[in-house]
Structures are given as structure tokens and as C-alpha cells.
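The values are calculated or read from the model by the stated rules, or taken from the named source; none is laboratory data. Given the structure is predicted, the values throughout are model-derived calculations rather than measurements. All Cβ positions, even for glycine, are placed from backbone atoms using ideal geometry, and neighbour counts span all protein chains on display.
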Amino acid sequence: MVPDAAFTLAVAGRTQRYAVEVDMGTISLNRLEVRLRGYLRLQFDELCPVLFVVWTRQRAQQIAQVVEAEADELGAYGEFIYVSTLEDVGSGSVLRDPIWIRAGQTGRVQLVQPPVEQLREAS
């Protein structure tokens, strides 16, 4: 699998590689299923979160549903695929704001949790 982009993030002494896919909505969900299945199969070798950036919230929900269905079929962990809209990605912190949808979860999540010290200060 060759993503549109990739980066490595270092936080609190830990590093994590991420893949980025930008979905322009030009391919059908059926074709996208094949790509998503490829990422789900790769997780058995190396767990690399995949960030899908899409144009609309409807497309984001559709992709999350496809990920959940494909993960169930493969017996895979689909929660490492995150989906958000271009609008949300451009409106704040991609890492710290809860802008990402994950398959099988309700609500939006953030990629990076704040350090425990910040959580204590906020309480």
C-alpha cells in the first residue's frame, strides 16, 4: 500500500508512523473497499494508523461504515483508521481536537491525548 502521504509523530518519547489518504470522492465506495481491506490486512504486520481526509461528513460516515464492515469480515482491528473532513482538518489542531471518526465508535476522537499533567490542570 502506498498512501498519499506519511509522517512520523514523536510525543512524550514515543513515535508513531501515520499514513494519510485524501479522498476526493472520485472513486466508488466499492473500489475504496479494496483499498481499505488492504490497510486492514497490513495491520497484522505493522499497526500504522491511517488518516482519511474527505470532502463531506456523509462520505466520512460512509467510509467509517465500510471500515467497520470490512474489519468485522476479516476479524481485523478497524479502529486504527480515522476519518475526518477537509473542513475539520483545516479548522484547528489535527492532533488535539476531537475531529476524527473511528469505525465502531460514536462521537469524534482526538489523535493525541493530552499529557496527564494537562488533564489534572483542566479539572
ask   = Can you tell me which of A5, A60 is exposed (fewer than 13 other Cβ atoms within 10 Å of the Cβ), of a type in the set (G, A, S) and modelled with pLDDT of 90 or more?
value = A5
ask   = Hey, among the residues in region 21-45 that are charged (D, E, K, R) and touching a residue at least 12 places away in the same chain (Cβ under 8 Å), which one's farthest from D88 (Cα to Cα)?
value = R41
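If we keep just the residues of region 9-57 that are among the basic types (K, R) and either modelled with pLDDT of 85 or more or crowded, with 17+ Cβ neighbours inside 10 Å (or both), which is farthest from the chain's Cα centre (by Cα)?
Taking region 9-57 first, the residues among the basic types (K, R) are 14, 17, 31, 35, 37, 41, 57.
Those left that are additionally either modelled with pLDDT of 85 or more or crowded, with 17+ Cβ neighbours inside 10 Å (or both): 17, 31, 35, 37, 41, 57.
Values: R17: 12, R31: 18, R35: 14, R37: 14, R41: 15, R57: 14 Å.
For region 9-57, the residue satisfying everything is R31.
Within region 70-81, identify whether any single residue is in a strand (DSSP E or B) and either of a type in the set (D, E) or under 22 Å from V2 (Cβ atoms) (or both), and answer yes or no. Show your work before the answer.
Just the residues of region 70-81 that are in a strand (DSSP E or B), to begin with: 81.
Right, trim to either of a type in the set (D, E) or under 22 Å from V2 (Cβ atoms) (or both) and you get 81.
Within region 70-81, one or more residues are in a strand (DSSP E or B) and either of a type in the set (D, E) or under 22 Å from V2 (Cβ atoms) (or both).
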ask   = If we keep just the residues of region 63-84 that are crowded, with 19+ Cβ neighbours inside 10 Å and among the hydroxyl-bearing types (S, T, Y), which is farthest from the chain's Cα centre (by Cα)?
value = S84
